[in-house]
Amino acid sequence: MNDREKLIKTYVEENEKISPPPEAKTGILLVNTGTPQHFTYCSIRSYLSQFLSDRRVIEIPLIIWWPILHFIILIIRPFIKGRQYKSIWNWEQDEAPLRTMSRNQASLLAKRFDQSQVEVEWAFRYGGPSIKSKIDALHKNGCNRLLLLPLFPQYSAVSSATVVDEAIRALLTQRHQMALRTIPEFYSEECYIAAIVSSIEYSISTERFSPEAIVFSYHGIPLDYQRKGDPYGLQCHQTTRFIQRKLKVNCEVITAFQSRFGNDEWLKPYTEDVVVRLARVVTTCENLKSQPKRLAIRALLTQRHQMALRTIPEFYSEECYIAAIVSSIEYSISTERFSPEAIVFSYHGIPLDYQRKGDPYGLQCHQTTRFIQRKLKVNCKVITAFQSRFGNDEWLKPYTEDVVVRLARSGVKRIAVVAPGFICDCLETIDELQTDAAKRFEENGGEQLLYVNCLNDSEDAIDVIEKIVRKHLHGFLLSV
């Protein structure tokens, strides 16, 4: 064996001594908000200090918030929260119920996976065990991939985002960094909705209970966070709707928000207010928002033998309604042999102040557009706008007339305009959209504005009304 062969052999032998890397494992980390270690003053103070110092949770400028937190909240709140935690304490395990449940969830989930490939752990964003400690443990045990599940069905920067922030900070300390995948909000997942529905129906059936109303109570967030783009409130309302569609319980369903603190306005209605009002209400005008409902209830108040009243709620998310609008748009476009560059969905506006006071109208208009867009087989931009503004106050934006002019000036030549918020054509649609909007579009460089008629008295319109009416006749007629 010559020197060259010996050298090669040496290198080969040295290489063979090196152990192959361990088989890749995936770590699954379930994360919830957290809980104090104990209900003592110091334990709760430490937990609240960490929680309320998170800039994702509290966005008040630090120069204002720091003295409030340290000289008021962290002195007073631990006494109050201590009594509350003590009342729910798991004395057998000597821990808060959230800690017990979180550990059980991870343990039970782990049994459903091949533990040679998957390791399941749990952590808290605030308090212990920390996210970093559990990520480090998974990494040490050979996991080179991390699947992170924030256990919050609806996304918010104050819950889901801060969990991801903390996980990323933990990964920044690793030399051989784990691959990270975060699981997004799951409020619309069928399995989640089905589980909630099953839980409600089981509770009602075992208690032989017939509720007059079901209140879906979600943790609140400051209203200002929603204005800044946080989708949490919308996803909570959407969760309630998904559950309501599957629920085989005939009663009123209400979305409310709890756990508010401080003086700022939070998402409304507040759960405590809803519960009190439901207990106090007989049937007053204040409980029915819209004018038609007020007039109806006033009429009933004059009757000796009073008629039973059931109001049909908004139907913007009803599949039959969405399908009818989609059909109307596609029919108009095909018969006119028209290829729009954009479709403007124009809804009647309301003052912006009404939305700030809790009116869901604007949000439901945007959601209607999304529902239609998902079903629409037309490849173009879709825009939601609002019309019929009067007075000097600010209304929901963008305004339809501004949108039409700007599209024309930007070089868009062909647009379609739809008014899904109107069941029948009227002055606002014929005059403002079909005539004025078309004229403005052409005056500013556009070539053609196609107005899609409302459903009016078409067969689709009658089908929609029939389906909605039949759905709500249950309980009034023996057979529908």
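Under 5 Å between amide H atoms, partner at least 5 residues away or on a different chain: which partners does TYR270 have, H built in plane at 1.01 Å?
For TYR270, the qualifying residues are PHE257.
So what J values fall out for segment 36-49 if you push phi through Karplus, 6.51 cos²θ - 1.76 cosθ + 1.60 with θ = phi - 60°, rounded to Hz, Gly and Pro as x?
Once θ is set to phi - 60°, the couplings for segment 36-49 become x, 5, 8, 8, 6, 4, 5, 5, 5, 4, 4, 5, 5, 4 Hz.
Between 0 and 90 degrees, rounded to the nearest ten: what's the tilt of helix 3-17 against the longest Cα principal axis of the chain?
Helix 3-17 and the main axis of the chain meet at about 70 degrees.
With the crude spin-label approximation of a point 7 Å out along Cα→Cβ, what separation in nm comes out for LYS268 versus GLU442?
4.6 nm
Within segment 385-460, list the GluC sites (Glu not before Pro) lying in a DSSP loop whose Cβ has at most 16 other Cβ atoms in a 10 Å radius. Please report the intermediate quantities before stating the final value.
Details: sites: GLU394, GLU401, GLU428, GLU432, GLU442, GLU443, GLU447, GLU459; in loops: GLU394, GLU447.
Filter output for segment 385-460: GLU394, GLU447.
Please give the helix 131-140 orientation as an angle from the longest Cα principal axis of the chain, in degrees from 0 to 90, rounded to the nearest 10.
On a 0 to 90 degree scale, this one is about 50.
So what is the relative contact order of the chain, in percent, for Cα pairs below 8 Å that sit 6 or more residues apart?
With pairs under 8 Å counted, the relative contact order is 10 percent.
Taking amide H positions as placed 1.01 Å from N in the peptide plane, with prolines and chain starts having none, which residues 5 or more places from VAL382, or on another chain, fall under 5 Å of its amide H?
Residues meeting the criterion, in which the H sits 1.01 Å from N, are ILE343.
Among the chymotrypsin sites (Phe, Trp or Tyr not before Pro) in segment 373-412, which ones are in a DSSP loop with at most 12 other Cβ atoms within 10 Å of the Cβ? Mind listing them?
On the way: sites: PHE386, PHE390, TRP395, TYR399; in loops: PHE390.
Qualifying residues, ordered by number: PHE390.
If I fit a long axis through the Cα atoms of helix 162-171 and take the longest principal axis of the Cα atoms of the chain, what angle between them do I get, 0 to 90°, rounded to 10?
30 degrees
In percent, how large is the relative contact order of segment 190-278, given Cα pairs closer than 8 Å and 6 or more residues apart?
Relative contact order, segment 190-278: 38 percent.
Mind listing which trypsin sites (Lys or Arg not before Pro) in segment 175-229 are in a DSSP loop and have 11 or fewer other Cβ atoms within 10 Å?
Sites meeting the loop and neighbour criteria: ARG175, ARG208, LYS228.
For GLN355 and ASP425 in one chain, what is 0.36 nm times their gap in residues minus the Cα-Cα distance, to one decimal in nm?
22.7 nm
Pull up the DSSP beta bridges for the chain and report the antiparallel fraction as a percent, rounded to 5. Show your work: numbers first, answer last.
Values: 3 of 49 bridges.
DSSP beta bridges in the chain are roughly 5 percent antiparallel.
Please state the relative contact order of segment 319-459 as a whole percent: Cα pairs under 8 Å, 6+ residues apart? Display every interim value, and only then the final one.
Numbers: 209 pairs, mean separation 43.1, N = 141.
Answer for segment 319-459 is 31 percent.
Give me, ordered by chain and number, the residues 5 or more places off ILE28 or on other chains with an amide H under 5 Å from its own placed amide H.
Here the answer is GLU119, VAL120, GLU121, LEU147, since their amide H atoms fall under 5 Å of that of ILE28.
Assuming 0.36 nm per residue, please report the length gained on full extension of the stretch ILE88 to PHE261 beyond their Cα-Cα distance.
Gain on stretching ILE88 to PHE261: 60.2 nm.
Given the -39500 (n - 2.57) contribution per DSSP H run of 4+ residues, what per-residue ellipticity at 222 nm results for the chain, rounded to the nearest 500 deg cm²/dmol?
So the helix-based figure for the chain works out to -13500 deg cm²/dmol.
Under unit Cβ charges (Lys, Arg +1; Asp, Glu -1), what dipole magnitude, rounded to 20 debye, does the chain have relative to its Cα centre?
Value, rounded to 20: 1240 debye.
Give me the distance between the Cα centres of segment 57-130 and segment 231-274, rounded to whole Å.
If we compute the Cα centre of each part, the gap is 23 Å.
Give the label of the value calculated from the structure for volume of the Cα convex hull per residue in Å³, choosing from [x] 290; [y] 168; [z] 155.
[x]
Once you put a point 7 Å from the Cα of GLN174 and another 7 Å from the Cα of LYS228, both along the Cβ direction, what distance in nm separates them?
Taking the two extended label points, one gets 2.9 nm.
Among 30-37, 406-413, 164-171, how do they line up from the highest to the lowest mean number of other beta-carbon atoms within 10 Å? All intermediate terms of the calculation are to be shown ahead of the outcome.
Numbers: 30-37: 21.5, 406-413: 15.0, 164-171: 17.4.
In decreasing order of mean packing, 30-37, 406-413, 164-171 become 30-37, 164-171, 406-413.
No value in this document is a laboratory result; all are computed from the given coordinates. Since the structure is predicted, the reported quantities are computational estimates derived from the model, not experimental observations. All Cβ positions, glycine included, derive from the backbone under ideal geometry; neighbour counts span all protein chains shown.
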